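All remarks here apply to the structure that follows.
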Amino acid sequence: MAQDKVTYEHFTGDPFAKMQTDNEVKQALEVLRWAYDSYGDSIVYACSFGAEGIVLVDLISKIQPDAHIVFLDTGVHFQETYDLIDKVQKRYPNLNIELKKPELTLDEQAENYGAELWKSQPDQCCYLRKIKPLEDALSGAEAWISGLRREQSLSRSRTNFVNKDERFKSVKVCPLIHWTWDFVWQYIRLNNLDYNELHDQGYPSIGCMPCTFPEDGDGRSGRWKGFNKTECGLHTPGNP
């Protein structure tokens with residue numbers, strides 16, 4: 001079903017709010033097709049290369065083979081994550097995968113804010129190494145794509161297919177909101193997709209090395225252990 005383009009300035013709600021949810025793949029492809037038809041080169045996929053990420057990469061490749069994908073390269077990711085990105089680039093050679101680095105190197109950050117900032121001020125660290133770089137990556141872009149799913153956490157449970165993103169003053173498109181963790185893995189296995197090997201070692205959610213720990217289940221409780229924090233800030237309004 002055709003949908004009109006949505007802008008941040010004139011956002012009136014999710015145009016897919018009444019779409020049926022009985023076929024998750026068809027539904028995600030329809031949202032993605034609309035997104036690329038609507039925004040063209042002015043939409044960016046911010047990919048963390050977790051399980052949801054590689055599913056979206058595969059789906060996007062069917063709609064927009066040369067899509068612009070941004071990975072926020074904080075400098076403290078697991079080697080397994082970088083290895084996966086190499087595999088994905090080889091499998092989808094036409095995709096434009098950009099490794100977006102922060103303005104400050106880790107040494108410069110330590111000099112200005114103290115060593116291992118993630119231990120003392122994780123919100124500030126996330127702002128410097130993830131939020132600010134994404135702000136730069138989205139400069140001039142009308143919309144961006146995210147792999148959020150409603151079942152991931154309470155804070156994500158009301159996510160729509162198309163959202164007004166107050167944090168980045170843009171439109172955020174989330175094609176996988178109704179996918180379950182089991183269905184994500186069903187898609188990965190049926191399509192023989194590469195995935196981060198850490199998933200097999202008890203890491204359902206994978207971010208930076210110092211702030212990611214193994215966890216039983218499919219939630220985000222393995223992130224930022226010891227802090228009252230489950231989000232880096234990319235999906236919440238305001239600054240740290």
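Assorted remarks:
- Which of 131, 180, 61, positive extreme of dipole for the chain (C-beta unit charges): 180
- Antiparallel bridge percentage (DSSP; both residues within the chain; nearest 5): 30
- In Hz, Karplus ³J(HN,Hα) per residue of the stretch 117-129 (6.51, -1.76, 1.60; θ = phi - 60°; x = Gly, Pro): 4, 4, 7, 9, 9, x, 5, 5, 4, 4, 5, 5, 9
- Positive-pole candidate from 79, 143, 199, dipole of the chain, charges at beta carbon: 143
- Spin-label model distance (nm) - residue 180 vs residue 19, 7 Å beyond Cα toward Cβ: 2.1
- Per-selection Rg to Rh, the stretch 24-211 - Cα, Kirkwood hydrodynamic radius: 0.95
- The chain, relative contact order [Cα under 8 Å, separation at least 6], %: 24
- Computed about the Cα centre, the dipole magnitude for the stretch 26-75 is approximately 160 debye when only Lys and Arg (+1) and Asp and Glu (-1) carry charge, each at its Cβ.
- Annotation: amide H-H contacts under 5 Å for residue 170 (H modelled 1.01 Å from N, sequence separation of 5 or more, or interchain): 165.
- Under the convention that each Lys and Arg Cβ holds +1 and each Asp and Glu Cβ holds -1, the size of the dipole of the chain around its Cα centre is about 480 debye.
- The H on the amide N of residue 46, modeled in the peptide plane, is under 5 Å from the matching H of 70, 145, each at least 5 residues off or on a different chain.
- Cross-link pairs 5/132; 101/169; 5/164; 101/132; 132/172; 5/101 - those with Cα-Cα distance over 19 Å: 5/132; 101/169; 5/101
Readers should treat all values here as calculations from the given coordinates under stated rules, not as data from a laboratory. Every value quoted in this text rests on a predicted model; they were computed, and no experiment measured them. With ideal geometry, Cβ positions are generated from the backbone for all residues, glycine too; neighbour counts draw on all protein chains shown.
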